[in-house]
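**Student:** Here it is: the structure, laid out below.
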């Protein structure tokens, strides 16, 4: 088990959103179905927005909060789901939606772990807030995707 600071975990999350956006972009280049392309385009924009939000969150946080130390081992787990996807596949709508939900679930799991391991109330509050945001984003994603599927 290694030790990391809050800023390191947030850096992992930013990198995760960047890599997820790049994956969805690659999948969009190979998608033959127009609804799948629209969903993937939505996912690319969604991941960029989340990456920006985490960066803003990090910039708005105090140095004391960002420098908090705790045991952390979860970052490779969130990236594993990205690495298992064939970026050249022509995925169907349900496969893309399942992937998006799985990636959101990985982040939710990460945030839950960070809430449990937080060294201070301020750090716990940051990850609790991010957990709430990610849970809401997952719900919006599913509703939006189901709306696209009905087109």
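**Student:** Considering (1) surrounded by 19 or more Cβ atoms within 10 Å (Cβ to Cβ); (2) under 14 Å from residue 99 (Cα atoms); (3) at pLDDT below 95, say which one residue 72 fails and leave the rest.
**Tutor:** All conditions are met except number (2).
**Student:** Then there's this: Counting just the residues of segment 115-128 that are touching a strand residue (DSSP E or B) at 6+ places or on another chain (Cβ under 8 Å) and part of a helix (DSSP H, G or I), which one comes out nearest to residue 11 (Cα to Cα)?
**Tutor:** 123
**Student:** While we're here: Test of understanding: among 146, 97, which residue is surrounded by 18 or more Cβ atoms within 10 Å (Cβ to Cβ) and assigned to a helix (DSSP H, G or I)?
**Tutor:** Checking each option against the conditions leaves just 97.
**Student:** Can you pull out every residue in segment 19-45 that is within 20 Å of residue 150 (Cα to Cα), touching a helix residue (DSSP H, G or I) at 6+ places or on another chain (Cβ under 8 Å) and either without any contact (Cβ under 8 Å) to a residue 12 or more places away in the chain or assigned to a helix (DSSP H, G or I) (or both)?
**Tutor:** 28, 35, 36, 37, 38, 39, 40, 41, 42, 43, listed by residue number.
**Student:** Being in contact (Cβ under 8 Å) with a residue 24 or more places away in the chain, crowded, with 18+ Cβ neighbours inside 10 Å and part of a helix (DSSP H, G or I) is the requirement here; does residue 131 meet it?
**Tutor:** no
**Student:** Related question: Among the residues of segment 51-62, which ones are closer than 15 Å to residue 140 by Cβ and either at pLDDT 95 or above or outside any helix (DSSP H, G or I) (or both)?
**Tutor:** Those that are closer than 15 Å to residue 140 by Cβ and either at pLDDT 95 or above or outside any helix (DSSP H, G or I) (or both): none in segment 51-62.
**Student:** Would you check if residue 7 is more than 21 Å from residue 99 (Cβ to Cβ) and either surrounded by 15 or more Cβ atoms within 10 Å (Cβ to Cβ) or at pLDDT 90 or above (or both)?
**Tutor:** yes
**Student:** Take the residues in segment 63-94 that are outside any helix (DSSP H, G or I) and without any contact (Cβ under 8 Å) to a residue 60 or more places away in the chain, then tell me which one is nearest to the chain's Cα centre (by Cα).
**Tutor:** Here the residue is 74.
The values are calculated or read from the model by the stated rules, or taken from the named source; none is laboratory data. Because the structure is a prediction, the values reported are computed rather than measured. Cβ atoms come from the backbone with ideal geometry, glycine included; neighbour counts cover every protein chain shown.
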